[in-house]
Each structure stands twice: as structure tokens, then as C-alpha cells.
1. Here is a check on your reading of the model: is A201 closer than 14 Å to V133 by Cβ, open to solvent by 10 Å² or more (accessible area, probe 1.4 Å) and out of contact with any strand residue (DSSP E or B) (no Cβ under 7 Å at 6 or more places or on another chain)?
2. Scan (1) part of a loop (DSSP other than H, G, I, E, B); (2) farther than 29 Å from T241 by Cβ; (3) open to solvent by 30 Å² or more (accessible area, probe 1.4 Å) for the single condition T362 breaks and write down its number.
3. Do you know which of the residues in region 170-180 that are open to solvent by less than 20 Å² (accessible area, probe 1.4 Å) and at pLDDT 90 or above is farthest from M227 (Cα to Cα)?
4. Restricting region 123-152 to residues that are β-branched (V, I, T) and in contact with a helix residue (DSSP H, G or I) (Cβ under 8 Å, 6 or more places away or on another chain), which is surrounded by the most Cβ atoms within 10 Å (Cβ to Cβ)?
5. Give me the pairs: first residue in region 261-276 and without any contact (Cβ under 8 Å) to a residue 40 or more places away in the chain, second residue open to solvent by 10 Å² or more (accessible area, probe 1.4 Å) and of a type in the set (K, R), beta-carbon distance under 9 Å, and six or more apart or on different chains, which are they?
6. When you check A293 against the structure, is it assigned to a strand (DSSP E or B), in contact (Cβ under 8 Å) with a residue 24 or more places away in the chain and more than 19 Å from L242 (Cα to Cα), yes or no?
7. Would you be able to say whether some residue in region 293-300 is within 20 Å of the chain's Cα centre (by Cα) and open to solvent by less than 10 Å² (accessible area, probe 1.4 Å)?
8. Inside region 12-26, can you point out the residues that are open to solvent by less than 40 Å² (accessible area, probe 1.4 Å), under 32 Å from the mean Cα position of the chain (by Cα) and at negative phi?
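The values are calculated or read from the model by the stated rules, or taken from the named source; none is laboratory data. What you see is a predicted model; the values in this text were computed from it and never measured. Cβ coordinates were reconstructed from backbone atoms using ideal geometry, including for glycine residues, and neighbour counts include every protein chain displayed. Just so you know, the surface numbers come from the protein's heavy atoms only, side chains and all, with ligands and any DNA or RNA stripped out. Shrake-Rupley method; radii C 1.70, N 1.55, O 1.52, S 1.80 Å.
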Amino acid sequence: MAEHLTIDHVGHRGDGVAFTGGHTVFVPYTLSGETVEAGPVADHPDRRRLLRVESASPERIAPFCRYFAACGGCTIQHWQPDSYAAWKRRIVVDTLGHAGIECPVDDLIDAHGAGRRRITAHARRSGDGEVRVGFAAANSHAIVAIEECPILDPGLHGALDAARALAEVLKPTTKPLDIQVTATDGGLDVDVRGSGPLPTAMIATLSRVAEQHRLARLTRHGELVLMRRPPVIGIGTAQVTLPPGSFLQATTAGEEALAALVAKHCKGAKHIADLFCGVGPFALRLATRAGIAAFDSDSGAVAALQKAATATSGLKPIKAETRDLFRRPLVPQELREYDAVVFDPPRQGAQAQVERLAVSKTPVVVAVSCNAATFARDARILIDGGYRIERVTPVDQFRHTPHVELVARFVHGR
């Protein structure tokens with residue numbers, strides 16, 4: 001049964017929030033102050049499906065992508081930029097407030113730049129035998145076939161065409177293939193997950209597809225199928241050959257914005273630990289003026305970082321080590337060696353490592369996070385351990401979504 005609702009505000013996940021019959025409900029693609037007609041969503045009593053906007057907000061704008069509201073990649077293309085930016089900053093402010101943390105929060109930095117430089121396309125064969133290649137639908141495992149995506153970096157031109165060609169060869173079943181494509185200076189770097197072992201004849205066919213679509217490299221579950229040229233990216237003055245399926249910041253502008261903030265907050269430090277270092281987006285830049293000890297559990301990323309550091313002139317020493325910082329965090333005795341520590345963990349945060357940092361006397365700690373909630377938890381641990389949070393800067397490299405990055409500086413002592 002349809003309901004007529006008034007949207008109170010936009011929630012932290014990007015849905016409009018309304019109150020009806022003493023309950024809170026969430027209506028996607030709506031804005032504060034709008035009146036809408038909405039219908040129920042099966043098995044989700046607190047969610048509604050937008051049927052019609054009866055009275056639109058003056059801040060509503062036309063979405064620019066024809067797949068918006070079908071594809072689940074973007075949740076917000078219908079809100080004018082200034083209000084959207086204020087909302088995204090407010091997510092950080094509110095999350096910190098809920099943890100009892102008060103500090104200056106800067107204006108949101110727009111770091112979309114040229115667009116996303118990596119995607120994971122999904123391929124699935126439907127009941128009628130058609131292979132669909134695209135992205136997951138909103139709140140669903142269904143695949144929305146995508147011809148083009150307007151938020152991608154030009155370096156990903158041809159990525160979806162290549163994914164479709166690979167899917168036709170690999171012939172996915174009802175279980176989807178995951179086709180990760182990264183834009184590199186050498187061309188598209190593709191890693192396919194979900195396929196079974198590849199017979200020799202299929203490898204030959206895939207090689208022809210890779211040549212046709214000018215892929216730099218094709219791997220399956222990280223194992224090399226074909227490399228036409230090395231998948232290299234520039235980080236500072238270094239050239240890094242990416243491991244298969246490597247993690248990168250979503251946009252080049254995002255990486256640069258985060259790295260600039262980290263460098264600013266580490267100014268004057270001579271010996272820096274870079275924790276959860278990945279392929280070195282911070283370490284390789286910081287090493288122009290400080291010695292670096294870099295740690296990550298991904299041995300391929302650590303090896304790529306060390307190789308790039310060794311091959312790059314003009315850098316201070318970088319020592320990269322494979323280490324699981326969740327199971328074996330650096331302890332206070334080890335942390336004494338550094339006058340600044342940078343950590344950039346996955347979405348779950350770095351609680352085990354932060355607990356050790358909190359009882360150390362490291363003068364400066366710089367936190368980078370892609371999850372405001374786990375950041376607030378970790379920040380609370382540092383503050384309770386005697387650190388003072390100076391400021392937080394939110395960074396938006398996931399434009400049109402509720403995801404927000406942030407960088408914060410902590411100093412030891414009150």
C-alpha cells in the first residue's frame with residue numbers, strides 16, 4: 001500500500017528519513033522537505049520504494065546518468081553540490097559527536113578529479129542465456145547491464161567493453177564473475193575472479209581478447225594469463241608496478257589529496273612509520289624528506305613498494321616489511337623509533353594497533369580512514385590514552401555516495 005510521506009532529512013546512508021506511525025522509515029533518492037509517494041519493500045519493514053516525488057525540494061537537480069536509481073553504485077546524483085558537500089561533512093561531524101569527540105572539522109575537499117580509476121564489474125548469465133555485465137543493483141545481487149559509466153577516469157575507457165568480451169569467453173553461470181579493472185599508465189590491468197581453472201584453448205582465446213582490447217595485463221585470481229606491458233602507475237617520483245588485483249585509492253586526485261594532508265601533518269618528522277602502507281602512496285612521497293618503515297600484510301604490495309623505492313633516486317631509505325598489524329601490531333618498544341606514525345587501515349579500522357599507539361609516546365600520529373565510525377572508535381582510544389586531536393579533514397573521492405575519507409592529526413600530551 002502506497003504512503004504519502006514528508007522527508008525530514010537525508011540520513012548518513014544517503015536515504016531520505018521520514019517518520020510515520022511512530023516509526024522511522026528510509027526512502028532512497030529523496031531530499032529534506034520533499035513530499036513523496038512511497039511503497040513497501042519486501043522483507044525490509046523500515047525501507048520504502050520511491051514511487052513519485054509530489055513536491056520537490058528546490059535543491060533537487062536532474063541526475064546525469066541514465067542508470068541512476070537502477071545501478072547501486074551512486075546513491076546521490078539528485079542533490080545540488082553545495083548542500084551535498086555540507087551533508088557529507090556533517091556525517092563526519094555527527095559521527096565524532098556521537099563518540100564525544102570535539103575538534104575542528106574542515107570543509108570537504110572534492111577529490112573526484114578525473115573520476116574513478118578502478119572498478120569491479122560483475123558478469124552473470126541469466127536464465128535466458130544472456131550474459132549481463134555491469135554493476136549490482138541497489139540493495140540487490142541482481143546485475144544491471146551497463147554500457148557506460150560517466151564517473152570513470154578516461155583511463156578506464158574501454159573497460160566495460162573488455163569485461164563483456166572476457167565474460168563471453170569465460171561463460172559465467174548464475175554465479176557471477178568479478179572482473180576488476182584498474183587504469184594504469186600501461187593500459188588496463190584486469191584480474192578475473194570466480195572462474196574455474198582455464199584450459200589451454202581458453203587461455204589462447206583470452207590472450208586474443210587481451211590483444212584486441214589492448215590490456216596491459218590479464219590475471220585470473222592473481223595468476224598471470226598475459227602481460228603485454230607492465231601495469232605501472234606513478235607515485236610521487238617513483239614508478240610502481242602493481243601486483244594483480246592491487247588496492248588503490250579510488251581516484252588519482254583522492255590519493256594526491258590524502259597524501260598532501262599526510263605530508264603536511266608529518267612536517268618535520270625524520271623517521272616515520274607507515275602502517276597499512278599498501279603500494280606506498282604515502283611512503284614513496286614522504287621518503288623525499290624522511291626515513292620510512294612501511295608495514296602491510298599484503299606481501300605483493302610490500303614487494304612492489306620496496307622495488308619501486310630501490311629503483312627511485314633521491315629518496316631517503318625505505319624499509320618495507322610484510323606484517324599483519326591486526327594480529328601482530330607494532331608495540332610501544334618498537335614505536336619508540338619513530339617521531340611520527342601514519343596509519344591507513346581497511347574499513348574495520350585499526351583497533352589492535354591503536355591500542356598500542358595509545359600507550360606509546362609517539363609525538364605525532366596521523367590517521368587516514370575510509371570509515372568515520374571506526375575512525376571515531378580508534379580516535380577515542382587515542383584520546384583516552386593521552387593524545388589530543390588537532391583537526392579532521394574530510395575528503396570526497398567517492399562522489400555521489402555516502403562514503404567519505406578523512407585525515408586527522410593527533411599529538412601526544414594534553
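1. Here the answer is no, as A201 does not meet what is asked.
2. Result: T362 passes all but (3).
3. Ranking the qualifying residues of region 170-180, first place goes to L177.
4. Among residues in region 123-152 that are β-branched (V, I, T) and in contact with a helix residue (DSSP H, G or I) (Cβ under 8 Å, 6 or more places away or on another chain), the one surrounded by the most Cβ atoms within 10 Å (Cβ to Cβ) is V133.
5. That search, which allows pairs on different chains as well, returns A263/R285; A263/R289; K264/R409; K267/R289.
6. yes
7. no
8. D15, G16, V17, A18, V25
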